[in-house]
Amino acid sequence: MTQTLGDFVDISTGYPFRGRIEPSKEGEAFVVQARNIGPDGEIFTDSLVCSELTGKKDPGWLKFNDIIFLAKGTKNTASLVKDLPDNTVCSPHFFRLRVKASKQKSVLAEFICWQLNQEAAQRYFKVSAEGSLQVSIRKTILQDTSIALPDVATQNSLVELHRNVIREKKTYEKLIENRQLEMAAIASVLLKKPMTTDEQNDY
């Protein structure tokens, strides 16, 4: 029997803002927008804007271990909610996914999030996207995403492996950044004055 995402999570839309999301010091909610999502799905909390909630719909505050899925645009990234303010919503560009109460003991939200970002799911989203000026994924398409669900122990192992990969990636990126800064400093010295033999030996 094929298992789909809709078997494990409840899916709802992001908050329906009317028009642009305008920053407001008196706003009652922080808003996660597409610009706040990093390449690996991390949510950049430092750049969240505070805004007024227009309309009367229930805010649908994001909770710990919710998943937000970027449904509009060409990069359909899934992000796990971790350390966000309690009064945070996501924009209409997202769907909010929450593991069903009946599945809490057998399904890890972080594992579902990881699987949605893998090649098989991303390929499915790419061929299923609709629209011309701006492509998007419909809710029914997202619900029908095929999901492989091993036992919880295996889910935990894969999640931990993924965390290690992300940590290693960030470490290497930092090393590369430091090396680039070092090379830029060397270039700056070279442009200012000829290097002596001793200076060349230092490098």
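Table for the structure above
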{"quantity": "Extension reserve of the Asp58-Gln118 stretch, reckoned as 0.36 nm per residue once the Cα distance is removed", "calculated": "18.4 nm"}
{"quantity": "Under 30 Å from the Cα of Lys100 - lysines, other chains or at least 8 residues apart", "calculated": "Lys56, Lys57, Lys63, Lys72, Lys75, Lys82, Lys126, Lys139"}
{"quantity": "At R0 = 35 Å, FRET efficiency that the Cβ-Cβ distance of Asp10 and Thr171 yields, to 0.05", "calculated": "0.45"}
{"quantity": "Förster radius 22 Å - calculated FRET efficiency between Lys82 and Leu158, Cβ distance, rounded to 0.05", "calculated": "0.80"}
{"quantity": "Rounded to whole Hz, the Karplus (6.51, -1.76, 1.60) HN-Hα couplings of the stretch 54-68, x for glycine and proline", "calculated": "7, x, 10, 5, 4, x, x, 3, 6, 10, 3, 6, 5, 10, 10"}
{"quantity": "Efficiency of FRET between Val127 and Phe44 - r from beta-carbon atoms, R0 25 angstrom, step 0.05", "calculated": "0.30"}
{"quantity": "Theoretical gain in end-to-end length, Ala187 to Asp144 [0.36 nm per residue, Cα-Cα removed]", "calculated": "10.1 nm"}
{"quantity": "The stretch 1-39: trypsin sites (Lys or Arg not before Pro) in DSSP coil with no more than 15 other Cβ atoms inside 10 Å", "calculated": "Arg18, Arg20, Lys25"}
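No lab work stands behind these numbers, since they all come straight from the coordinates. Since we're looking at a predicted model, the values are computed, not measured. So basically every Cβ, Gly included, is an ideal-geometry build from the backbone, and we count neighbours across all protein chains shown.
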